[in-house]
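These notes are about the structure you will find just below.
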Amino acid sequence: MRGGIKLARTFCFLLLPTALVTLSAAQGGGAGVGNAVAAAPPLVRENATVKVAPHTYVIPDFEVGQVPNVGIVVGSRATLVIDPGLGTRNGETVLRETQKVSKNSEMFLATTHYHTEHTLGLGAFPSARYVNSKTQDADFVQGWEAHAKGFASRTAIHKDLVEGSTPRRADITFDSEHTLDLGDVRVRMIVVGPTHTRGDTIFFVEGDNVLFAGDVVMNESFVAANQGSSMSGWLAAFDMLEKMQPRVIVPAHGKVGDGALIGMNRAFMLHIQARVRTLKTEGRSIDESAAAVEKEMQARHPTFARLNGVSGAARAAYNEAR
């Protein structure tokens, strides 16, 4: 089937008209994206790694809040781990899962953005080299501490995961793009922010045609736009990513999908942009416009998560509207 992903036998497939969704038949995939299991602890699941392409593996988040979809790319010489989770405990789980699919001694780390649930697991990989853009590294310096404190205040397990871990800075930095050769497979790293954050970085596994899209492309969820987002920048990112023609798209959170997700997300953003332009022309304020568009989008997609992202996207569109 078009855009299908071959996973382990414990997984079944459902091809929706707009995206490919993976569901766990053996362990329970949890509620829909719009209803993440809030009570579940933010722990990466062990023995859950699935192969989505010849060199590429994913540890799904099972739609548990504050758990990322973890990426593992295995070459003949080295291995890359993307977004190793919240805290050393999660990072150690990711390391064990990585060792099941790779015997490489050389290892690299990367993150889609600086937020705590993506970066704090890095401490479990002391001998691996962390590759990061200068922009994301600056985001980390400016915002990581406040973000970590916010996470630590959520529950006792969040506090333990954050306080029992050590933040880590990059070993290798690049400006806007970097290609990592793992042997027999290369991974392109490209900064696409300001979208969810200034330093949002995507990872495209060449040959496998797998895109780790971070929070830039989502599945059954609105993108997480905020006061620092750029509507024009986000639309430009969609254009660039679509040219890559990814077969598989792994968002930072939620269900893995196919290349159709880019067009879906673009359609959401273009609709928000057009509505905001109309409302601004009618004399509506930025607050009124954001509230109106948020209400409309919620009515259109009542099960989608990140409704606050609609408001952020609307505000970005309002500020850019002429």
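The numbers here are math on the coordinates, done by the rules we state, and not lab data. In this text, all values refer to a predicted model and were calculated from it rather than measured experimentally. No Cβ is skipped: glycine too gets one built from the backbone with ideal geometry, and neighbour counts run over all protein chains shown.
Label the range 268-322 by shape, choosing from rounded, prolate and oblate, from the square roots a ≥ b ≥ c of the eigenvalues of the Cα gyration tensor; if a/c is under 1.5 it is rounded, and otherwise prolate applies when a/b is larger than b/c, oblate when it is not. Write out the running numbers ahead of the final one.
On the way: a/c = 1.95, a/b = 1.82, b/c = 1.07.
In terms of gyration-tensor shape, prolate.
Compare the Cα positions of W144, L43, G199 along the charge dipole of the chain (+1 at Cβ of Lys, Arg; -1 at Cβ of Asp, Glu; about the Cα centre) and return the one farthest towards the positive end.
It is L43, whose Cα lies furthest towards the positive end.
Rank the residues V210, V217 as a footprinting-exposure proxy: fewest other Cβ atoms within 10 Å of their Cβ go first.
V210, V217
Show that you can apply the helix-only estimate: for the chain, add -39,500 (n - 2.57) for every DSSP H stretch of four or more residues, divide by all residues, and state [θ] at 222 nm to the nearest 500.
-11000 deg cm²/dmol, from helical runs alone.
Rank M240, M189, M231 by mean-square fluctuation in a GNM of the chain with C-alpha springs under 10 angstrom and give only the top-ranked residue.
Evaluated over the chain, the most mobile residue of the options is M240.
Work out, in µm²/s and without decimals, the Stokes-Einstein translational diffusion coefficient of the range 91-229 at 37 °C, 0.692 mPa s, Rh from Kirkwood over C-alpha pairs.
After rounding, the answer is 205 µm²/s.
Any idea what angle helix 260-281 forms with the longest principal axis of the chain, computed on alpha-carbon atoms, 0 to 90 degrees, nearest 10?
Here the helix axis deviates by roughly 30 degrees.
Whole-Hz ³J(HN,Hα) for each residue in the range 245-256, computed from phi via Karplus 6.51 cos²θ - 1.76 cosθ + 1.60 with θ = phi - 60°, x for glycine and proline: what do you get?
6, x, 8, 10, 10, 10, x, 4, 9, x, 6, 5
What residue among R154, R168, R129 has the largest mean-square fluctuation in a Gaussian network model of the chain, using Cα springs under 10 Å?
Most flexible of the set in this elastic network: R154.
From the square roots a ≥ b ≥ c of the eigenvalues of the alpha-carbon gyration tensor of the range 146-205, which class results: rounded (a/c under 1.5), prolate (a/b over b/c), or oblate?
Since a/c reaches 1.5 and a/b is larger than b/c, the shape of the range 146-205 is classed as prolate.
Among T111, T135, T166, determine the one that fluctuates most according to a GNM of the chain built with springs between C-alpha atoms less than 10 Å apart.
T166
Where does the range 229-284 land on Rg(C-alpha)/(2.2 N^0.38 Å)?
Rg over 2.2 N^0.38 Å, computed on Cα atoms: 1.34.
Enter the Cα centre distance for the pair the range 149-184 and the range 254-303, rounded to the nearest angstrom.
After rounding, the separation between the Cα centres reads 31 Å.
Taking the chain as the reference, fit the longest principal axis to its C-alpha atoms, fit the long axis of helix 87-101 to the helix C-alpha atoms, and give the angle between the two in degrees, 0 to 90, nearest 10.
Here the helix axis deviates by roughly 60 degrees.
Cross-chain or 8 or more residues apart, Cα under 18 Å: how many lysine pairs in the chain fit that? Count them up, please. Could you put the intermediate results ahead of the total?
Values: K6/K51; K6/K255; K51/K100; K51/K103; K51/K255; K149/K159; K280/K295.
Taking the Cα cut-off of 18 Å, the pair count is 7.
If we count other beta carbons within 10 Å of each Cβ, what is the order of I172, I262, fewest first?
Ordered by Cβ neighbours within 10 Å, fewest first: I172, I262.
Bin all alpha-carbon pair distances of the chain at 20 Å intervals from 0 and give each bin's fraction as a whole percent.
Over the chain, the share of Cα pairs per 20 Å bin runs 34, 60, 7, 0 percent.
Would you work out the Kirkwood radius for the range 206-251? I mean one over the mean of 1/r across all pairs of different Cα atoms, in Å. All intermediate terms of the calculation are to be shown ahead of the outcome.
Working: mean 1/r = 0.0874 Å⁻¹.
About 11.4 Å, per the Kirkwood formula over Cα pairs.
With a ≥ b ≥ c the root eigenvalues of the C-alpha gyration tensor of the range 180-227, is it rounded (a/c under 1.5), prolate (a/b larger than b/c) or oblate?
Note, shape of the range 180-227 comes out oblate.
To the nearest 10 degrees, how steeply does helix 231-243 sit against the main Cα axis of the chain, on a 0 to 90 scale?
Orientation of helix 231-243: about 50 degrees from the principal axis.
Could you put M269, M218 in order, starting from the residue whose Cβ has the fewest other Cβ atoms within 10 Å? Provide the component values of the computation, followed by the final result.
Working: M269 20, M218 28.
Exposure proxy ranking, most exposed first: M269, M218.
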